[in-house]
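Novice: Mind having a look at this structure? Questions to follow.
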């Protein structure tokens with residue numbers, strides 16, 4: 001009888017501890033999802049601003065079609081990767097988009113009328129602010145991913161994680177040249 005009580009007590013403690021671990025893993029997984037959703041909102045906002053920027057530029061940049069098409073293509077690639085939730089593809093597509101935007105803003109320097117356009121300047125400011133916010137949120141996302149992945153690799157959490165098939169999350173990485181904000185001020189007399 002005493003052995004049964006002790007065995008039941010030990011089983012309850014083990015199940016309770018496993019439940020605490022499982023709930024902690026669910027919490028960190030949801031923190032990763034929340035952090036991604038915060039980035040996703042900003043990506044959608046920037047996604048909505050880019051066609052406006054391209055249209056404004058088209059009116060002035062008649063000979064820069066390749067640059068404009070490059071930004072439009074990169075925008076489409078980011079949107080496809082974003083909507084699929086494919087973080088590694090988002091990283092690659094973001095690198096191409098940021099490179100295209102840098103080229104676009106550098107080329108725009110040759111068009112004084114474009115630089116003077118209020119809509120262009122407002123879009124430039126808005127996109128620059130979104131880029132900064134995305135970089136800030138990327139850091140929060142990567143911290144959440146790291147916290148989750150550490151738990152998935154740490155004993156005894158790894159036992160519960162494997163039992164319930166908790167996959168590791170992917171970091172959102174950009175190339176070294178893409179980790180800084182697009183510096184637009186020199187291109188526009190700022």
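Novice: Give the residue, chosen from 83, 102, that is in a helix (DSSP H, G or I) and modelled with pLDDT under 90.
Specialist: Answer to the check: 102.
Novice: A further question follows. Residues of segment 132-158 being more than 15 Å from residue 38 (Cβ to Cβ) and in contact with a helix residue (DSSP H, G or I) (Cβ under 8 Å, 6 or more places away or on another chain), which ones?
Specialist: 147, 148, 151, 152, 156, 157, 158
Okay, residues lined up against (1) exposed (fewer than 14 other Cβ atoms within 10 Å of the Cβ); (2) at negative phi; (3) within 17 Å of the chain's Cα centre (by Cα):
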residue	(1), (2), (3)
29	no, yes, yes
35	no, yes, yes
47	no, yes, yes
52	no, yes, no
85	yes, no, yes
88	yes, yes, yes
99	no, yes, yes
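Novice: Could you please find all residues in segment 132-178 being within 10 Å of the chain's Cα centre (by Cα) and either under 14 Å from residue 30 (Cα atoms) or crowded, with 18+ Cβ neighbours inside 10 Å (or both)?
Specialist: 134, 137, 138, 140, 141, 142, 172
Novice: Under 27 Å from residue 171 (Cβ atoms) and in contact (Cβ under 8 Å) with a residue 60 or more places away in the chain: which single residue out of 34, 53 fits that description? Reasoning before the result, please.
Specialist: Working: 53 fails: under 27 Å from residue 171 (Cβ atoms).
Being under 27 Å from residue 171 (Cβ atoms) and in contact (Cβ under 8 Å) with a residue 60 or more places away in the chain holds for just one of 34, 53, which is 34.
Novice: Looking for whichever is without any contact (Cβ under 8 Å) to a residue 24 or more places away in the chain and under 30 Å from residue 163 (Cα atoms) here; the options are 27, 82. Which one fits?
Specialist: Within the list 27, 82, the selection yields 27.
Novice: Another question, then. Would you pick out the residues in segment 105-120 that are farther than 15 Å from residue 63 by Cβ, assigned to a helix (DSSP H, G or I) and touching a helix residue (DSSP H, G or I) at 6+ places or on another chain (Cβ under 7 Å)?
Specialist: 105, 115, 119, 120 - these are the residues of segment 105-120 that are farther than 15 Å from residue 63 by Cβ, assigned to a helix (DSSP H, G or I) and touching a helix residue (DSSP H, G or I) at 6+ places or on another chain (Cβ under 7 Å).
Novice: Being within 30 Å of residue 118 (Cβ to Cβ) and in a helix (DSSP H, G or I) narrows it down to one of 56, 13, 20, so name that one. Give the steps one after another, and end with the answer.
Specialist: Values: 13 fails: within 30 Å of residue 118 (Cβ to Cβ); 20 fails: within 30 Å of residue 118 (Cβ to Cβ).
None of the others qualify; the one that does is 56.
Novice: Report yes if residue 133 is closer than 21 Å to residue 64 by Cα and in contact (Cβ under 8 Å) with a residue 60 or more places away in the chain, otherwise no.
Specialist: Against the criterion (closer than 21 Å to residue 64 by Cα and in contact (Cβ under 8 Å) with a residue 60 or more places away in the chain), residue 133 does not qualify.
Novice: In this structure, is residue 137 part of a helix (DSSP H, G or I) and within 30 Å of residue 168 (Cα to Cα)?
Specialist: When the stated conditions are applied, residue 137 passes them.
The values are calculated or read from the model by the stated rules, or taken from the named source; none is laboratory data. It should be emphasised that the depicted structure is a prediction, and the values quoted were computed from it without experimental measurement. Reconstructed Cβ throughout: ideal geometry from the backbone, glycine too, with neighbour counts over all protein chains shown.
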